[in-house]
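These notes are about the structure you will find just below.
Derivation of every value follows stated rules applied to the coordinates shown; laboratory data play no part. Because the structure is predicted, anything quoted here is derived from the model rather than measured. Positions of Cβ are generated from backbone atoms using ideal geometry, with glycine treated the same way; all protein chains shown enter the neighbour counts.
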């Protein structure tokens, strides 16, 4: 709602504003060296007033326009439709006839004379728009810097050592943009590296630069991961403590060299297990095949076999080479030799059934103790042979069983063979 002051009120208001014009112009003069005045200092919308200003750079293009709210808020407070263009002469003097406009904001009002091209210069001259609403002007906005991370980029690969689990390091390049209205001097950048979207900055870096309003600058910072890092990590950067200025990117760290070594080691382990299992199966199969062949072709003979039809023993050459006794008899024993070795003066062997000559060696201690054989056979079978008692008594609980006499006395065999050989040599 507009109010139209009375004539007396206009005179009083004009007197007050006239008193304010001088110091305002002086302030402008102190700031930029430019002075100006409006004649008359008030007028109705549509009226024409003269604007005079001095100390402009020669031939500078300027615009004069009526603004409300003391022009706080910029061109949004001015009636641009009534603006007047002009230029300074060679002496830096500007003279313009301006039509009083109807600014979109209430008074206090000013006539703003500003450069239209070249260096940004301006002067605000107080002016009263007759009949225009009056209100308290807003507080001037204090210029402030506001820096955000507009882009974040990882450079480098982390080195070949990282392929085998070493701690990788890469360079983070940040683009900082000043979206405020004042220069940003040495803005602080906070960085953080971790897993998950909840990663927050944990270290602060101070930059050595100044970013003008609406300008950008790049900074780079070295970051690293722990040893044997595996998976995707979040790299987050922000300016100061304001999360709204943050930006993040993903760092994928996969030590393929270490993974390949583990795969090769596992493959070698599995191959060794497979080879051992296969060898055991082959050995078992060969044993079964040998058993099948023995069953089909007949059992292989032992090293020493008695053949009743021949009346003697067959001894394999391999057994003969291993046996001391058989080496001495050259793999052959006569029937009477065997009889003498078995027992001395045995009734069973007094009359050889083969008709061979009597033993050639005097009777002595038996090489084979038949009683010991009977006892050993009884122990081996778990009981004494039928009709023959085991001479070795059963040991009681806690006692060590008694060992029977030797069945074959190897020393007696050696002595017997030596006597036989000596007799043959003397014959």
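Things worth noting here:
- Cβ-derived FRET efficiency at R0 22 Å, residue 230 paired with residue 151, nearest 0.05: 0.20
- Ranked list, fewest to most other Cβ atoms within 10 Å of each Cβ, for 171, 420, 415: 171, 415, 420
- DSSP bridge analysis restricted to the stretch 29-152 gives an antiparallel fraction near 90%, rounded to the nearest 5.
- Remark: relative contact order (the stretch 147-254) = 33 percent; criterion is Cα-Cα distance under 8 angstrom and separation of 6 or more residues.
- Net length gained if the chain between residue 286 and residue 241 were fully extended (0.36 nm per residue, minus Cα distance): 8.4 nm
- FRET efficiency for residue 89 and residue 139, using Cβ-Cβ distance with R0 set to 41 Å, rounded to 0.05: 0.65
- A Förster distance of 25 Å, applied to the separation of the beta-carbon atoms of residue 35 and residue 75, puts the FRET efficiency at 0.65.
- Residue exposure proxy: 93, 424, ordered by other Cβ atoms within 10 angstrom of their Cβ from fewest to most, comes out as 424, 93.
- Inter-label distance, nm, simple model (7 Å from Cα along the C-beta direction), residue 210/residue 173: 2.6 nm
- Euclidean distance between Cα centres, the stretch 79-120 to the stretch 178-257, Å: 46 Å
- Residue 116 paired with residue 260, simple spin-label distance in nm, labels 7 Å along Cα-to-beta-carbon: 7.1 nm
- Ranked 271, 416, criterion: other C-beta atoms within 10 Å, fewest first: 271, 416
- In terms of the mean number of neighbouring beta-carbon atoms within 10 Å, the peptides 58-71, 121-134 order highest first as 58-71, 121-134.
- When each of the peptides 274-282, 242-250 is scored by the mean number of other C-beta atoms lying within 10 Å of its residues, the order from highest to lowest reads 242-250, 274-282.
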